[in-house]
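Asker: The structure under discussion is supplied below as structure tokens; questions concerning it will follow.
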Amino acid sequence: MKKIICAGLVLCYLLACPLNTKAQIVYGSYNQGGNFYIAAIDLATCTVCNVFELPTFVHNDFSILDDGSIVIQNNSGLTIYPPASGNPITIPLDPPSNATGSYLFNGLLYIFADNGLHYFDPSTNQVTYVGPWPPAMPVGNYEFFELNNQIYALRQGFSPNEIWLIDLADPVNSTFAQSITGQPSNLYSSTTVGNEIFFYSEPSIYSYNFSANTETELCNLFNLGIFGSVNGLSYLPAGVPPPPCLCTTDAGTVQNNFQELCIPEEAIVPFNNDETLDSDDLLQYILFSDLLDTLGSILVTSNTPNITFDPNIMQPGVIYYLATIAGDDINGNVDLTDDCLSISNGSEVIWRPQPAVSFSIADPDLCAGSCIVLNVTFIGTPPFSLEGNILSGANVIGNFNEAYNSNNGTLEVCAPVGTSPGDLNIQSTLISDEYCTCE
């Protein structure tokens, strides 16, 4: 599924939130096994869920615009992914420069680049170059954060990490503010949520108190399976709803082999054991009747792959489908309303009824040394094979092995000379039709 629900986002843009409350959600981008994600990191619970998979492998930073668009920043400029479209927009920096940090402020996205300050105006889709940095500002990669309605740039890399107050109108007049002290090395990214400043210094996210120049570790991302650098921290603008977590729950696959069974044989869901489950997920096995309405046509749900024919809800000769289903575990069953519910492909199964036979005759009288002809009626699908014995009491006085191409036929029964008076019994020992054999 997801699996951490990214809800309860605390927006502190208009209200003052106390420092180090840990009641914040920040967004960070990271590499996991060659796949690049943006994750929502809940600092109140130190939990994470992926909300966006990046189609690009190289980026320095990302930001979220007021309309929910995701802006990826790299050496060639900006790539913008609008929330309602899968078609990205690419906007180069002019003049070109390595861009390392960005921050949305008063409707404009300010960009830190090697050659100076740029800003992107979402209303025009234009990037404007503002000007160069002061000569005294050390060369390096910087990330932005906001404090008291001013923008600061925090130098990435090893400590001490310098903080500069940025002059947005004329960046050459930007001034040194202070260096972070006591914080671990390898600082990668920073942001502000409300009036609380956060930065990522591998492997943890810290809350930073600017006036005291102290930091408090909030969440160790290594413990969440996020290894390596988080290349961007960002906040969610006011009015933008929290994006849903990407679903990771996967019910896996079943082999697409057709099972033709004779009642009461059990069907076995041919599962490939390739599911992906979260800690609160459950995998179950289902039989359903309609490929166009899987959930609405589930007839059997089982915790094992064994599915038994139930004549109360199923019919012989009808094709059904076997699959696996996975989702939240609600009292021992998969929650069918789970947003990340996953169902495998379907594998066909059909049950055939066991064939049956009945005998009839108008005049059952038979004398020893003579024969009579019985009418034979089959239930099932031709052709049929019929094997059996003729019994006088407990003695077998004859047998038969006949083939029939229709549901009706005849069978000659003879009583040898010397057969004792009394009833003769016709015993069928094997009946088979096109699909099944009954012994």
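The values are calculated or read from the model by the stated rules, or taken from the named source; none is laboratory data. Fair warning: this is a prediction, and the values are worked out from it, not measured in the lab. Note: ideal-geometry Cβ built from the backbone for every residue, glycine included; neighbour counts use all protein chains shown. To get the accessible areas, we keep the full protein, side chains included, count just its heavy atoms, and leave off ligands, DNA and RNA. Shrake-Rupley method; radii C 1.70, N 1.55, O 1.52, S 1.80 Å.
Asker: At a 10 angstrom cut-off on C-beta neighbours, averaged per residue, how do the peptides 248-258, 308-318 rank from highest to lowest?
Answerer: Listed from highest to lowest mean packing, they are 248-258, 308-318.
Asker: Report ³J(HN,Hα) in whole Hz for each residue of region 32-38, in order, from the Karplus equation J = 6.51 cos²θ - 1.76 cosθ + 1.60 where θ = phi - 60°; Gly and Pro get x.
Answerer: 10, x, x, 9, 10, 10, 9
Asker: Given H placed on each backbone N at 1.01 Å, which residues far from Gln156 in sequence or on other chains put an amide H within less than 5 Å of it?
Answerer: Excluding prolines and chain starts, which carry no amide H, the hits are Asn141, Tyr142, Glu143.
Asker: Follow-up. So how far, in whole Å, is the C-alpha centre of region 176-221 from the one of region 62-99?
Answerer: 25
Asker: While we're looking at this one, here's another question. Please list, in order along region 169-175, the HN-Hα scalar couplings obtained from phi with the Karplus expression 6.51 cos²θ - 1.76 cosθ + 1.60 (θ = phi - 60°), rounded to whole Hz, x for Gly and Pro.
Answerer: After applying 6.51 cos²θ - 1.76 cosθ + 1.60, I find 7, 8, x, 5, 8, 4, 10 Hz.
Asker: If one puts a single equal scatterer on every Cα of region 156-310 and applies the Debye formula without solvent, what log₁₀ I(q)/I(0) results at q = 0.10, 0.12, 0.15 Å⁻¹?
Answerer: -0.63, -0.72, -0.91
Asker: Could you order peptides 399-406, 329-336 by the average number of other Cβ atoms within 10 Å of their residues, highest first?
Answerer: Highest to lowest by the protection proxy: 329-336, 399-406.
Asker: OK, next. Highest GNM mean-square fluctuation, the chain, Cα pairs closer than 10 Å: which of Gly388, Gly107, Gly131?
Answerer: The residue with the greatest mean-square fluctuation here is Gly388.
Asker: For Asn115 and Ala44, what is the calculated FRET efficiency with R₀ set at 41 Å and r taken between the beta-carbons, to the nearest 0.05?
Answerer: 0.55
Asker: Please calculate how many Å² of accessible area the chain carries per residue, with a 1.4 Å probe and no DNA, RNA or ligand atoms counted.
Answerer: On a per-residue basis, the chain sits at 46 Å².
Asker: Compute for the chain: radius of gyration divided by Kirkwood radius, i.e. Rg/Rh, restricted to C-alpha atoms, rounded to two decimals.
Answerer: My calculation puts Rg/Rh at 1.36.
Asker: While we're on this one: Zone of Thr301 (label point 7 Å along Cα→Cβ, backbone N under 15 Å): which residues in region 246-284?
Answerer: The answer is 281-284, whose backbone nitrogens lie closer than 15 Å to the label point.
Asker: What are the ³J(HN,Hα) values, in whole Hz, obtained from phi via the Karplus relation 6.51 cos²θ - 1.76 cosθ + 1.60 with θ = phi - 60°, for each residue of region 330-343 in sequence order, with x given for Gly and Pro?
Answerer: So the J values, rounded to whole Hz, are 10, 6, x, 9, 5, 6, 6, 9, 4, 4, 10, 4, 10, 10.
Asker: While we're looking at this one, here's another question. How would you order 380-387, 236-243 from highest to lowest mean count of nearby Cβ atoms within 10 Å?
Answerer: 380-387, 236-243
Asker: Next question. Mind putting together the pair-distance distribution for region 302-403? All Cα pairs, 10 Å bins, whole percent per bin, short to long.
Answerer: 10, 25, 21, 14, 13, 10, 6, 1
Asker: Tell me which residues come under 5 Å, amide H to amide H, from Thr47 once H is placed; ignore anything under 5 positions away on its chain.
Answerer: For Thr47, whose amide H was placed from the backbone, the distant partners under 5 Å are Asp42.
Asker: Given H placed 1.01 Å from N in the peptide plane, which residues other than close sequence neighbours of Phe105 have an amide H under 5 Å from its amide H?
Answerer: So Phe105 has HN proximity to Tyr110.
Asker: Find the percent of Cα-Cα distances in region 117-214 that exceed 16 Å, and round it to a whole number.
Answerer: Within region 117-214, distances greater than 16 Å cover 57 percent of Cα pairs.
Asker: Give me the distance in nm between label points sitting 7 Å out from Cα along the Cα-to-Cβ direction at Ser279 and Phe176, one decimal.
Answerer: 4.6
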